[in-house]
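Q: One structure coming up, written as structure tokens, with questions to follow.
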Amino acid sequence: MAEETIFSKIIRKEIPADVVYQDDLVTAFRDINPRAPSHILIVPNKLIPTVNDIEADDELALGRMFTVARKLAKAEGIDEDGYRLIMNCNVHGGQEVYHIHMHLVGGRPLGPMLIG
Ligand code: AMP
């Protein structure tokens, strides 16, 4: 059984967060340490620790993460200029919180893709 992270508590509203969207499958909230003017985390409500743990049954939630990203990018006013969606996996990927999440980052030019 995977261990819950702080994100499960945010999803259940047990601890405060700046939640910008929630439905039956996903929750989105502002990153506590934003790296750009818009930095939102989109997470499945179900605990999936890493991308390596994704199963076929999760495809609906994962697809929802993308449609929510698109809607939030528009709501943030960053859809036309552009933005980046990032998912980190395990140590080499720089993952800090083991509950998968998509970073929606934008609001300024982000430069070339981040590797290293
Ligand atoms: P990652 O390195 O992909 O696992 O990213 C984890 C992200 O979660 C980081 O950008 C953190 O700033 C963010 N984070 C950690 N705790 C919280 C929290 N309580 N509320 C909002 N964002 C958080």
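Q: Assess whether VAL20 counts as being touching a Phe, Trp or Tyr at 6+ places or on another chain (Cβ under 6 Å) and part of a strand (DSSP E or B). Give the steps one after another, and end with the answer.
A: Numbers: touching a Phe, Trp or Tyr at 6+ places or on another chain (Cβ under 6 Å): no; part of a strand (DSSP E or B): yes.
No, not satisfied.
Q: Are any residues in segment 6-46 more than 7 Å from the ligand (Cβ to nearest atom), hydrophobic (A, V, I, L, M, F, W, C) and under 13 Å from the mean Cα position of the chain (by Cα), and if so, which ones?
A: Scanning segment 6-46 gives PHE7, ILE11, VAL19, VAL20, LEU25, VAL26, ALA28, ILE40, ILE42, VAL43.
Q: All but one of (1) more than 11 Å from the ligand (Cβ to nearest atom); (2) modelled with pLDDT of 95 or more; (3) not aliphatic (A, V, I, L, M) hold for GLY111; state the number of the condition that does not hold.
A: Failed condition: (2).
Q: Only one of (1) surrounded by 12 or more Cβ atoms within 10 Å (Cβ to Cβ); (2) in a helix (DSSP H, G or I) fails for HIS39. Which number is that?
A: Against the list (1) surrounded by 12 or more Cβ atoms within 10 Å (Cβ to Cβ); (2) in a helix (DSSP H, G or I), HIS39 comes up short only on (2).
Q: Go over the candidates ALA2, ALA61, ALA69, ALA75 one by one and state the one that is of a type in the set (A, V, I, L, M) and not in a helix (DSSP H, G or I).
A: Details: ALA61 fails: not in a helix (DSSP H, G or I); ALA69 fails: not in a helix (DSSP H, G or I); ALA75 fails: not in a helix (DSSP H, G or I).
Selected residue: ALA2, the only one of ALA2, ALA61, ALA69, ALA75 that is of a type in the set (A, V, I, L, M) and not in a helix (DSSP H, G or I).
Residue by residue, here is whether (1) of a type in the set (A, V, I, L, M); (2) touching a strand residue (DSSP E or B) at 6+ places or on another chain (Cβ under 8 Å); (3) closer than 22 Å to LEU114 by Cβ; (4) without any contact (Cβ under 8 Å) to a residue 24 or more places away in the chain holds:
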position: ARG30; (1), (2), (3), (4): no, yes, yes, yes
position: PRO44; (1), (2), (3), (4): no, yes, no, no
position: VAL51; (1), (2), (3), (4): yes, no, yes, no
position: ALA69; (1), (2), (3), (4): yes, yes, yes, no
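Q: Hey, among VAL51, VAL20, which residue is touching a Cys at 6+ places or on another chain (Cβ under 7 Å) and modelled with pLDDT of 95 or more?
A: Values: VAL20 fails: touching a Cys at 6+ places or on another chain (Cβ under 7 Å).
Being touching a Cys at 6+ places or on another chain (Cβ under 7 Å) and modelled with pLDDT of 95 or more holds for just one of VAL51, VAL20, which is VAL51.
Q: Looking at segment 89-107, which of its residues are in a loop (DSSP other than H, G, I, E, B) and either in contact with a strand residue (DSSP E or B) (Cβ under 8 Å, 6 or more places away or on another chain) or of a type in the set (Lys, Arg) (or both)? Steps first, please.
A: Filtering segment 89-107 for residues in a loop (DSSP other than H, G, I, E, B) gives 89, 94-101, 107.
The answer is HIS99, ILE100, HIS101, GLY107.
Q: So which residues in segment 61-91 are over 19 Å from VAL26 (Cβ atoms), open to solvent by 60 Å² or more (accessible area, probe 1.4 Å) and within 12 Å of the ligand (Cβ to nearest atom)?
A: Selection gives VAL91 alone.
Q: Can you find, within segment 42-60, the residue that is nearest to ASP24 (Cα to Cα) among those that are open to solvent by 30 Å² or more (accessible area, probe 1.4 Å) and of a type in the set (Val, Ile, Thr)?
A: By that ranking, first place goes to ILE54.
Q: Of ASP18, ASP31, which residue is out of contact with any Asp or Glu (no Cβ under 8 Å at 6 or more places or on another chain) and open to solvent by 50 Å² or more (accessible area, probe 1.4 Å)? Please lay out each step first, then the result.
A: Values: ASP31 fails: open to solvent by 50 Å² or more (accessible area, probe 1.4 Å).
Result of the check over ASP18, ASP31: ASP18.
The values are calculated or read from the model by the stated rules, or taken from the named source; none is laboratory data. Computed from a predicted structure; not experimentally measured. All Cβ positions, even for glycine, are placed from backbone atoms using ideal geometry, and neighbour counts span all protein chains on display. When the accessible area is computed, the model is the full protein with side chains, heavy atoms only, and any ligands, DNA or RNA have been set aside. Shrake-Rupley method; radii C 1.70, N 1.55, O 1.52, S 1.80 Å.
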